[in-house]
Protein chains: 2
Amino acid sequence: MNFDAITIRDIARELNLSVSTVSKALRDSYEISEKTKKLVLEYARENNYRPNPMAQSLKKGHSKSIGIVVSSIDNQFFSQVINGIESQAYSQGYNVIITQSHESYDLEVQNVNHLTQWAIDGLLISLSTETNNVEHLKKLQDQGLHIVFFDRISNVIDTHKVIVDNFKGAYDATRHLLDSGYRHIAHITSSATTSVTNERLAGYQQALSESGLAMDENYIKYCQQGALNLNEIEQAVDELLALAIKPDAIFTAWDRITTSTLSTLHKLDVKIPEEIALIGFTNTLLADILNPSLSSVHQPAFEIGRKATEMLLSLINSKRPVTEFETIILPTELLIRNSSVKPVL
Amino acid sequence: MNFDAITIRDIARELNLSVSTVSKALRDSYEISEKTKKLVLEYARENNYRPNPMAQSLKKGHSKSIGIVVSSIDNQFFSQVINGIESQAYSQGYNVIITQSHESYDLEVQNVNHLTQWAIDGLLISLSTETNNVEHLKKLQDQGLHIVFFDRISNVIDTHKVIVDNFKGAYDATRHLLDSGYRHIAHITSSATTSVTNERLAGYQQALSESGLAMDENYIKYCQQGALNLNEIEQAVDELLALAIKPDAIFTAWDRITTSTLSTLHKLDVKIPEEIALIGFTNTLLADILNPSLSSVHQPAFEIGRKATEMLLSLINSKRPVTEFETIILPTELLIRNSSVKPVL
DNA sequence: ATTTTTTACGCAAACGTTTGAGTGGTTTAA
DNA sequence: TTAAACCACTCAAACGTTTGCGTAAAAAAT
């Protein structure tokens with residue numbers, strides 16, 4: 001309930017005005033005299049009147065709030081993105097509703113439905129790994145919902161998108177490993193249905209082939225559940241270690257996969273980087289103090305969130321239907337630490 | 001906007017019934033015949049009618065949603081708590097709205113106000129470090145808002161609370177350091193206005209005095225902004241290292257302070273645990289793979305969230321006003337890793 | 001002095017629900 | 001056979017706003 005019980009009706013009664021006069025005074029309508037406006041405003045302030053957002057949304061059909069769907073807030077990348085979203089949204093008077101899909105398609109659908117019912121004015125979403133069908137979003141977009149994708153985007157939906165240069169990020173990381181003398185570079189990534197996975201895979205592949213190395217499918221592990229399931233990562237690492245020619249380096253494509261791989265290597269007592277080097281996408285603030293310090297491809301997460309929100313709000317506030325959409329590609333940053341530097345012999 | 005445009009009115013028109021009949025049929029009222037109910041339900045399902053939550057909330061005065069205020073979701077402890085909250089809330093048909101105070105009193109007040117305007121049925125809150133006045137919450141409670149505190153609680157508000165045994169957690173950690181032979185144990189904590197700080201401080205102190213050691217205020221550093229400000233931690237560590245008798249161990253009281261301290265010690269090239277041992281409260285999943293692996297006091301974060309939500313929902317669903325409140329104290333877990341084991345000479 | 005315009009406000013419908021009170025028609029009891 | 005009971009449904013007000021339209025009174029124009 002709204003506990004600050006005073007309504008526009010109370011004000012009207014108290015001031016001997018009609019409800020509509022009060023409403024219009026509050027909204028600074030030209031129909032109302034300055035004197036009355038002053039009177040109403042003052043009374044409202046003194047009794048700290050707050051308009052009921054439910055009633056307003058119901059009436060106006062929009063809510064000044066935007067919905068967010070991410071796989072998990074328990075992930076530095078996404079929580080940083082969310083901070084970027086919040087900063088931009090709040091500055092324009094919008095509030096945000098955060099939901100988690102936990103990498104589940106069903107939960108994603110459920111969250112999106114829930115959000116639209118709560119009359120969000122726009123949606124910011126990074127798809128779950130499980131999602132390979134975006135009909136639920138397409139339908140909503142057709143009905144007029146503004147959507148902006150970030151991170152894990154869909155190619156079949158035409159709208160604004162904010163991503164990083166996944167190809168280059170992956171290329172740089174792989175290049176770095178190659179330049180450091182590693183030759184058997186494995187790749188642990190997530191579901192092949194995800195945009196991010198493919199772009200990073202391509203960057204990895206390009207770096208390899210530029211060095212005249214063929215890509216070996218045995219060296220690539222797809223962990224469908226990605227962040228969720230540690231067992232999956234453990235199995236992937238086990239399989240890699242069981243290969244005839246063990247990899248001498250691993251490039252991991254996702255935040256959670258990177259740290260989980262490090263964990264797993266620890267458990268197996270694999271020396272890093274002596275036995276196996278490691279570099280991966282991650283935004284963890286702890287990269288410097290991991291053992292060993294973790295080389296990483298870092299994404300400008302806050303900026304992603306900020307930018308995506310800026311674009312979403314521009315869609316929402318646009319007078320005329322927008323048909324020209326833009327995909328913003330932000331640069332990643334290669335942060336070389338100890339986990340990928342070949343030990344001096 | 002609600003994009004699934006069909007309303008109860010549409011159903012009524014289509015089925016030649018009155019709006020109220022449809023509404024009652026949907027809510028399975030005894031006033032409606034089975035035949036009509038079936039008819040309505042079927043039509044509603046086929047055209048996937050979803051009630052407009054705004055309208056429902058407006059009418060019923062409650063929203064089936066609960067608000068959360070934490071300092072930052074970018075903190076494993078809180079994101080784990082939130083997962084616990086979600087699991088319990090969803091299972092009972094409630095949804096959650098997450099907000100961050102970023103350790104700011106003003107933001108906390110703003111978030112709480114915002115949430116209540118959105119007709120939340122209850123509030124789950126962990127106070128910001130800056131907060132030393134809970135009038136804003138007291139007032140809301142008096143007006144009928146159900147509040148459950150967790151983690152950082154207020155003693156002046158009488159309601160359900162869920163915390164861990166902070167005293168024992170701190171005591172255990174300090175005891176462990178003492179048992180390991182450390183004698184000059186420093187303590188880095190947050191604002192002294194916070195419940196958690198004082199309880200942990202007391203545990204630390206108790207362990208020291210049981211070992212016949214006096215507490216030395218020089219060894220205790222209060223970082224007002226706690227998690228927020230890395231500089232503050234760096235300064236605290238600098239000051240500790242500048243003491244005539246340098247500490248040989250540090251016990252850190254908060255999640256973010258713990259990892260920040262480790263970071264700082266790294267930067268200063270302090271060997272852990274050789275020069276200084278470290279143990280602290282933290283729920284990071286990366287404790288095992290930090291350098292060195294980080295001894296920690298671990299909190300059952302998921303369970304805290306689950307339990308707090310359970311209590312909040314019981315308040316919300318209680319027929320009669322509740323006057324007997326309970327404080328649940330969950331145990332912490334001491335996880336000893338390498339950062340606190342005295343190296344064998 | 002009359003008409004026109006402007007000003008400042010009120011009325012009432014609408015947003016999508018819920019719910020108590022009312023109402024014909026059928027069944028049951030006397 | 002009539003009154004009482006019940007059934008299945010409709011009416012209309014309400015939740016707190018917003019907004020197009022209507023309208024007295026005052027001001028301006030003729």
Rounded to the nearest 0.05, FRET efficiency between residue A:142 and residue A:13 (Cβ-Cβ, R0 35 Å) equals 0.20
Given 10 °C, 1.306 mPa s and a Kirkwood radius over Cα pairs, the Stokes-Einstein diffusion coefficient of chain B in µm²/s is 71
Two pseudo-spin positions, 7 Å from Cα along C-beta at residue A:155 and at residue A:246, lie apart in nanometres by 3.7
By the Cα gyration tensor axes a ≥ b ≥ c (a/c under 1.5 gives rounded; else a/b larger than b/c gives prolate, otherwise oblate), the shape of the stretch A:101-236 is prolate
In nanometres, the difference between 0.36 nm per residue of separation and the alpha-carbon distance of residue A:113 and residue A:329 is 74.9 nm
Using alpha-carbon positions, the gyration tensor of the stretch B:49-128 gives root eigenvalues a ≥ b ≥ c; with a/c under 1.5 called rounded, otherwise prolate if a/b exceeds b/c, else oblate, the class is oblate
Taking the alpha-carbon centre of each part, the distance from the stretch B:166-208 to the stretch A:95-118 in Å is 41
The convex hull of the Cα atoms of the stretch B:166-285, divided by residue count, gives a volume in Å³ per residue of 98
Expressed in angstrom and rounded, the centroid-to-centroid distance over alpha carbons for the stretch B:1-48 and the stretch A:8-39 is 38
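Stretched out fully, how many nm does the piece from residue B:266 to residue B:30 gain, at 0.36 nm a residue minus the Cα gap?
The span from residue B:266 to residue B:30 would gain 78.0 nm if fully extended.
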Once the in-chain neighbours fewer than 8 apart are removed, the aspartates and glutamates whose Cα is under 13 Å from residue A:139 read A:158, B:4
Computed over all unlike Cα pairs, the Kirkwood hydrodynamic radius of the stretch B:8-51 in Å stands at 9.9
Note: the protein assembly as shown at 4 °C, 1.567 mPa s; Kirkwood Rh on alpha carbon pairs; Stokes-Einstein D in µm²/s works out to 47
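For the stretch B:177-222, which chymotrypsin sites (Phe, Trp or Tyr not before Pro) are in a loop by DSSP, counting at most 15 other Cβ atoms within 10 Å? Walk me through the numbers on the way to the answer.
Values: sites: B:182, B:204, B:219, B:222; in loops: B:182.
The qualifying sites: there are none.
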Output row, site residue B:235, 7 Å Cα→C-beta label point, backbone N cut-off 18 Å, window the stretch B:178-204, residues B:187-193
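What does the structure give for A:110-116 when I average, per residue, the other chain Cβ atoms found within 10 Å of the residue Cβ?
Values: counts 1, 1, 0, 4, 4, 1, 5.
If you average over the peptide's residues, the count of other-chain Cβ atoms is 2.
Would you mind counting up the charge near residue B:309? Only other residues with Cβ under 12 Å from its Cβ, with Lys and Arg at +1 and Asp and Glu at -1. Write out the running numbers ahead of the final one.
Details: positive: B:306, B:307; negative: B:86, B:121, B:303, B:310.
Taking every Cβ under 12 Å from that of residue B:309, the sum is -2.
Classify the stretch A:160-200 as rounded, prolate or oblate from the Cα gyration tensor: take a ≥ b ≥ c as the square roots of its eigenvalues, call it rounded if a/c is under 1.5, otherwise prolate when a/b beats b/c and oblate if not.
Oblate.
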Here the residues of the stretch A:261-305 lying in the modelled label zone of residue A:336, meaning backbone nitrogen under 13 Å from a point 7 Å along Cα-to-Cβ, are A:295-296
Of all DSSP beta bridges with both partners in the stretch A:188-345, the antiparallel percent, nearest 5, is 25
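With an 8 Å cut-off on Cα pairs and a minimum separation of 6 or more residues, tell me the relative contact order of chain B in percent.
Values: 630 pairs, mean separation 62.3, N = 345.
Relative contact order comes out at 18 percent.
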Non-local residues with an amide H under 5 Å from the amide H of residue B:164, with H modelled 1.01 Å from N and Pro and chain starts lacking one, are B:151, B:330
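Output needed for the stretch A:46-92: three equivalent-ellipsoid semi-axes, defined as square roots of 5 times the C-alpha gyration tensor eigenvalues, in descending order, whole Å.
Numbers: eigenvalues 169, 39, 17 Å².
For the stretch A:46-92, the semi-axes come out at 29, 14, 9 Å.
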The residues B:38, B:319, A:37, sorted from fewest to most surrounding Cβ atoms within 10 Å, come out as B:319, B:38, A:37
With 0.36 nm assigned to each residue of separation and the Cα-Cα distance removed, residue A:133 to residue A:211 gains 24.5 nm
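Restricting to bridges with both residues inside the protein assembly as shown, how much of the DSSP beta-bridge set is antiparallel, in percent to the nearest 5?
Counting DSSP beta bridges with both partners in the protein assembly as shown, the antiparallel share is about 10 percent.
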For the stretch A:244-259, Karplus-derived ³J(HN,Hα) couplings (6.51, -1.76, 1.60; θ = phi - 60°; whole Hz; x for glycine and proline) come out as 4, 9, 5, x, 9, 7, 10, 10, 9, 9, 10, 3, 5, 5, 4, 5
Rounded to 0.05, the calculated FRET efficiency for the beta carbons of residue A:165 and residue B:45 at R₀ = 56 Å is 0.75
Least to most buried among A:199, A:86, A:210, A:234, by other C-beta atoms within 10 Å and fewest first, runs A:210, A:234, A:199, A:86
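Rounded to the nearest 5, what % of DSSP beta bridges with both residues in chain A are antiparallel?
Numbers: 3 of 37 bridges.
Restricted to chain A, the bridges split so that about 10 percent are antiparallel.
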Mean-square fluctuation maximum in Gaussian network of chain B, Cα pairs under 10 Å, restricted to B:193, B:282, B:332, hits B:193
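A short reminder: the numbers here are calculations on the coordinates, not readings from a lab. All values derive from a computational prediction rather than experimental measurement. In this analysis, Cβ positions are derived from the backbone assuming ideal geometry, glycine residues included, and neighbour counts consider all displayed protein chains.
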